[in-house]
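Below you'll find the structure, written out as structure tokens, and then a few comments.
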């Protein structure tokens, strides 16, 4: 097929804009594939591999934009290239008007917006540290969404921030709520009295949504990034966040969500927790259960963190339960049994949220045995495997899977042919900034995967939870309905979804997980 | 410790990177300015690192440390 490419010299657009334009061009009649990438060596290699790099594209430099189209005819390809260029220029004119100049640097932006107090940074990781340091030195709090930021840079940034009494949320911080404003991937929830410090985005999103479902809201949600509790960073922003929330008059209860802290950091973290004179709920995923302290309550799942915090805020007692509605879960299990149990031994978790992926693993392991958690493909997968598709390894040069749904959809479809996989476990994350219809591509892929599995005479079960709030732009109820129509079992939390997946593979667990309702 | 003043709002945002985030904030009525950011040194990582080092050397004397 004819491939045509053009190179736009010294032309930069962010990865989401490029993805949107590529999607638009791909929908044109006769276009088979469209790709828009900055001309870095890694991107050129990807285009070469995909058969989309020809003579014109090879001359691109890292600061140039390569547009490549594969179409049914040379004429269609040429027209599609022209359309892509028009779209790239039209976007800017629509937003700003052709004459309005935009600031080119952080310094000039601060001059244009007096009183600026926060920098939201999502430039490529290799350049993000420099911009974040500039922002801190000009007295701005930093929300650092970028991943692939060197660890050494993170240490320096957080030390600088702390010294200046500023927040450095990230790198790799997906979500934050500050002063009533949601940053990054944020769900549309009411402001409230529960403050949260969270390792990364989806943990905070899950807590915010579960709180909203229980009539509570977030006062401040401070994301710290997944490496804050490493030995190198030493919990610098987690401790700072706890101190800040402890002093915040709008915060009545504090929730801390984290992955397991490095052993050298645990003591510092516990000292910081002990110094807080407010009720605290700690959800350190994967950390062995701890005795209940005077003011610190340790829980093991995100939904439990929200439930415990809501109960503490209302002065009520609370007990953890495997299923909020065990009778309903039992009925669901019976219905699934009638249709047929999974036709394969393994669970494949395909996650867009890192914290949710970790949570699923820690819920599943005691129930089904070892579960591997990795960013990439293993050559010999064990029977149960969870992939964190939002990990740095998957996001170089392309948008996060919560924005770009194509990569996960391909993996879901392929699971239909993987005879070792009997069940696919998913998260579907809503909120501002996320894909406008994340359930749509998942549902289509699930339908295809199940058709492929059926052609091999086996059944593929799919279990999911939706992290969302009723006022999210995607519409929570509609997203759940779309998944259910595709035959996905949608549970009210990620922990319940993981437990239900275990029940489908091992129905004998019903007595333990459902109690008398079984 | 001093509670960051930004907790009480209003939050005024300088956005560098994904334009999507500026669009979302703007739609919510948050004051935001989007920077027309481009990779320094034409995206050459080695040159960009050298520029960053120069940045540090050329940095103005420490500003007073007072959170907004």
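The values are calculated or read from the model by the stated rules, or taken from the named source; none is laboratory data. Note that the structure is a prediction, hence the values are computed from the model and not measured. With ideal geometry, Cβ positions are generated from the backbone for all residues, glycine too; neighbour counts draw on all protein chains shown.
For residue A:147, are the conditions met, namely being more than 9 Å from chain B (Cβ to nearest Cβ), modelled with pLDDT under 95, out of contact with any helix residue (DSSP H, G or I) (no Cβ under 6 Å at 6 or more places or on another chain) and assigned to a loop (DSSP other than H, G, I, E, B)? When the stated conditions are applied, residue A:147 does not pass them. The number of residues in segment A:313-328 that are in contact with a strand residue (DSSP E or B) (Cβ under 9 Å, 6 or more places away or on another chain) and over 21 Å from residue A:515 (Cα atoms) comes to 1. Here the condition is being farther than 25 Å from residue B:46 by Cβ, touching a residue at least 40 places away in the same chain (Cβ under 8 Å) and over 27 Å from the mean Cα position of the chain (by Cα); of A:51, A:57, it holds for A:51 alone. Against the list (1) within 17 Å of residue B:21 (Cβ to Cβ); (2) touching a helix residue (DSSP H, G or I) at 6+ places or on another chain (Cβ under 8 Å); (3) at the interface with another protein chain (Cβ under 8 Å from one of its Cβ atoms), the condition residue A:177 fails is (3). Checking each residue in segment A:231-287 for being surrounded by 17 or more Cβ atoms within 10 Å (Cβ to Cβ) and on the phi > 0 side of the Ramachandran plot picks out A:234, A:235.
Could you please find all residues in segment A:20-42 being part of a strand (DSSP E or B) and closer than 27 Å to residue B:34 by Cα? A:35, A:36, A:37, A:38 - these are the residues of segment A:20-42 that are part of a strand (DSSP E or B) and closer than 27 Å to residue B:34 by Cα. Considering only residues in segment A:230-244 that are farther than 13 Å from residue A:157 by Cβ and within 13 Å of another protein chain (Cβ to nearest Cβ), the one that is nearest to the chain's Cα centre (by Cα) turns out to be A:241. Only residues that are touching a residue at least 12 places away in the same chain (Cβ under 8 Å), within 27 Å of residue A:16 (Cβ to Cβ) and surrounded by fewer than 21 Cβ atoms within 10 Å (Cβ to Cβ): list them for segment A:154-190, please. Result: A:188, single match. Looking across segment B:1-44 at every residue that is under 14 Å from the mean Cα position of the chain (by Cα), at the interface with another protein chain (Cβ under 7 Å from one of its Cβ atoms) and assigned to a helix (DSSP H, G or I), the one that is nearest to residue A:190 (Cα to Cα) is identified as B:21. Among the residues making up segment A:163-189, a single one is in a loop (DSSP other than H, G, I, E, B) and out of contact with any strand residue (DSSP E or B) (no Cβ under 8 Å at 6 or more places or on another chain): A:165. Filter segment A:384-394 down to residues that are in a loop (DSSP other than H, G, I, E, B) and modelled with pLDDT under 90 and give me whichever is surrounded by the most Cβ atoms within 10 Å (Cβ to Cβ). My answer is A:390. The listed residues are A:193, A:134, A:130, and the only one of them that is in a helix (DSSP H, G or I), touching a residue at least 12 places away in the same chain (Cβ under 8 Å), touching a helix residue (DSSP H, G or I) at 6+ places or on another chain (Cβ under 8 Å) and more than 26 Å from residue A:352 (Cα to Cα) turns out to be A:134.
Within this structure, residue A:17 fails the test of being under 30 Å from residue B:33 (Cβ atoms) and in a strand (DSSP E or B).
One line per residue, one yes/no per condition, for (1) more than 11 Å from every other protein chain (Cβ to nearest Cβ); (2) closer than 23 Å to residue A:90 by Cα; (3) out of contact with any strand residue (DSSP E or B) (no Cβ under 8 Å at 6 or more places or on another chain):
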{"position": "A:2", "(1), (2), (3)": "yes, no, no"}
{"position": "A:6", "(1), (2), (3)": "yes, yes, no"}
{"position": "A:10", "(1), (2), (3)": "no, yes, yes"}
{"position": "A:31", "(1), (2), (3)": "yes, yes, no"}
{"position": "A:56", "(1), (2), (3)": "yes, no, no"}
{"position": "A:72", "(1), (2), (3)": "yes, no, no"}
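In this structure, does residue A:444 turn out to be free of Cβ contacts under 8 Å to residues at least 60 places away in the same chain and over 19 Å from residue A:339 (Cβ atoms)? Answer is yes for this residue. Only a single criterion out of (1) in contact with a helix residue (DSSP H, G or I) (Cβ under 7 Å, 6 or more places away or on another chain); (2) more than 14 Å from chain B (Cβ to nearest Cβ) is not satisfied by residue A:79, namely (1).
I'd like to check something: does segment A:113-124 contain any residue that is touching a strand residue (DSSP E or B) at 6+ places or on another chain (Cβ under 8 Å) and on the phi > 0 side of the Ramachandran plot? Looking for residues that are touching a strand residue (DSSP E or B) at 6+ places or on another chain (Cβ under 8 Å) and on the phi > 0 side of the Ramachandran plot, one finds at least one in segment A:113-124, hence yes. Checking segment B:57-64 against the condition returns a match, with at least one residue being more than 25 Å from residue A:17 (Cβ to Cβ), at pLDDT below 90, more than 7 Å from chain A (Cβ to nearest Cβ) and part of a helix (DSSP H, G or I).
Every condition in (1) within 14 Å of chain B (Cβ to nearest Cβ); (2) at pLDDT 90 or above; (3) more than 13 Å from residue A:8 (Cβ to Cβ) holds for residue A:43 except the one numbered (2).
Screening residue A:253 on (1) closer than 30 Å to residue A:215 by Cβ; (2) modelled with pLDDT under 90 shows it passes everything except condition (2). As an exercise: evaluate residue A:463 against (1) surrounded by fewer than 24 Cβ atoms within 10 Å (Cβ to Cβ); (2) modelled with pLDDT of 95 or more and give the number of the one condition it does not meet. Every listed condition holds for residue A:463 apart from (1). Annotation note: of A:103, A:62, the sole residue that is assigned to a loop (DSSP other than H, G, I, E, B) and modelled with pLDDT of 85 or more is A:103. Scanning segment A:395-415 for residues that are surrounded by fewer than 23 Cβ atoms within 10 Å (Cβ to Cβ) and within 15 Å of residue A:349 (Cα to Cα) yields a count of 6.
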